[in-house]
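The values are calculated or read from the model by the stated rules, or taken from the named source; none is laboratory data. Everything numeric here is computed off the predicted structure, so don't read it as measured data. Every residue, glycine among them, receives a Cβ derived from its backbone with ideal geometry; neighbour counts consider all protein chains shown. Remember, those area values only see protein heavy atoms, side chains included, never the ligands or the DNA or RNA. Shrake-Rupley method; radii C 1.70, N 1.55, O 1.52, S 1.80 Å.
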Amino acid sequence: MRIASRLGRAVIVEGNLCADIAIASKGALSHHIDDLYEDWEEFLEWARADAPKGDQPFEVSELDAPVQRPRQVFGIGLNYLDHAAESGVTVPSSATVFTKFPTCLVGPTATVLLPSTTVDWEVELVVVIGRTADRVSEDDAWAHVAGLTVGQDISERTVQLAGPVPQFSLGKSYRTFGPIGPWLVTPDELERPDDLELQCSVSGRVLQKGRTGQMVFSVSELIAQISQVCPMLPGDLLFTGTPPGVGMARKPQEFLQPGMTLISEIEGIGKLANPVAAGPGHPQSAG
Ligand code: ZN
């Protein structure tokens, strides 16, 4: 099953048709997608018994982020061997965790605003939690996942790497730096949810390509590790790290420029298409 938020209302998506969840459930379920994660089991039960057929055509440009105000957003650094190598660091023995502050989240076709000339791309598989994960084991981890979506962990490298201690959380949390979507796909839709091809491109040029099966720490290992420290709550997001090919590691280095459209896609899930523009702080910004 695929669920999305269309013009502020939760919908089930089937091909290019959708069905409004609040209307189909006669008001038993909320129109706001974030509310569905709060009682994901109840939602799944209803959907299994009474899932409405999609009857309304929609455009992807009408979709908002499939999670809008999660309480926590976890990001993982250096979770692909070749990306760690291109970044010049050795792979840690436990996951490197940071946060993207939730106000950076935007939808699948939102414009990414550049505050500088050193903004980079990072396509990532994003996990949405559906049931509180509190000290769960690896074996039990997937049972706490509502679904998967595509994400971009957009990163301002100057801020991220400046200072005596790197500022991962700040450099990755500028407004519009967290496009996700276009919808959430439940894990049962995917034959091998632990091994999906993901890639990122601009103007037909592939910048990153990898498989989530190459992650150093798998989805279940990440949930097991993080949930030992803090409970992961319904609707929380987990950005699972990026494959090699980021702009910072290229020779010469390359960064996002106004006028580009950044395409991020994951096999079996879907794709984001985010135009890139100069924002406040960028030399080409009018403001
Ligand atoms: Zn990342």
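Numerical summary
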quantity: Per-region count, segment 177-206, residues of a type in the set (S, T, N, Q) and either open to solvent by 20 Å² or more (accessible area, probe 1.4 Å) or in contact with a Pro (Cβ under 7 Å, 6 or more places away or on another chain) (or both); calculated: 2
quantity: Segments classed as strands (runs of 3 or more DSSP E), wholly inside segment 108-225, with at least 2 members that are among the hydrophobic types (A, V, I, L, M, F, W, C), closer than 24 Å to residue 44 by Cα and more than 14 Å from the ligand (Cβ to nearest atom); calculated: 123-129, 145-152, 178-185
quantity: Residues of segment 115-142 classified as of a type in the set (Ser, Thr, Tyr) and surrounded by 14 or more Cβ atoms within 10 Å (Cβ to Cβ), total; calculated: 3
quantity: Residue match in segment 262-271 (condition: within 22 Å of residue 117 (Cβ to Cβ) and open to solvent by 10 Å² or more (accessible area, probe 1.4 Å)); calculated: yes
quantity: Verdict on residue 242 being within 16 Å of the ligand (Cβ to nearest atom) and either closer than 29 Å to residue 59 by Cα or out of contact with any Cys (no Cβ under 6 Å at 6 or more places or on another chain) (or both); calculated: yes
quantity: Cβ pairs under 7 Å, 6+ apart, first in segment 8-22 and within 12 Å of residue 62 (Cβ to Cβ), second open to solvent by 20 Å² or more (accessible area, probe 1.4 Å) and of a type in the set (Asp, Glu); calculated: 8/64; 9/20; 11/20
quantity: Residue that is modelled with the lowest pLDDT, among those in segment 84-114 that are open to solvent by less than 10 Å² (accessible area, probe 1.4 Å) and more than 14 Å from the chain's Cα centre (by Cα); calculated: 84
quantity: Sole residue being in contact with a Pro (Cβ under 9 Å, 6 or more places away or on another chain) and open to solvent by 10 Å² or more (accessible area, probe 1.4 Å), chosen from 216, 165; calculated: 216
quantity: Pairs where the first residue, in segment 229-250, is more than 14 Å from residue 98 (Cα to Cα) and the second is among the acidic types (Asp, Glu) and modelled with pLDDT under 95, C-beta under 6 Å, 6+ apart; calculated: 244/82; 244/86; 249/86
quantity: Sole exception among (1) touching a strand residue (DSSP E or B) at 6+ places or on another chain (Cβ under 7 Å); (2) open to solvent by 80 Å² or more (accessible area, probe 1.4 Å); (3) of a type in the set (A, V, I, L, M) for residue 12, by number; calculated: (2)
quantity: Residue within segment 248-260 that is surrounded by 20 or more Cβ atoms within 10 Å (Cβ to Cβ) and assigned to a strand (DSSP E or B) present; calculated: no
quantity: Members of segment 56-83 found to be in contact (Cβ under 8 Å) with a residue 60 or more places away in the chain, farther than 30 Å from residue 253 by Cβ and open to solvent by less than 40 Å² (accessible area, probe 1.4 Å), listed by number; calculated: 63, 66, 67, 70
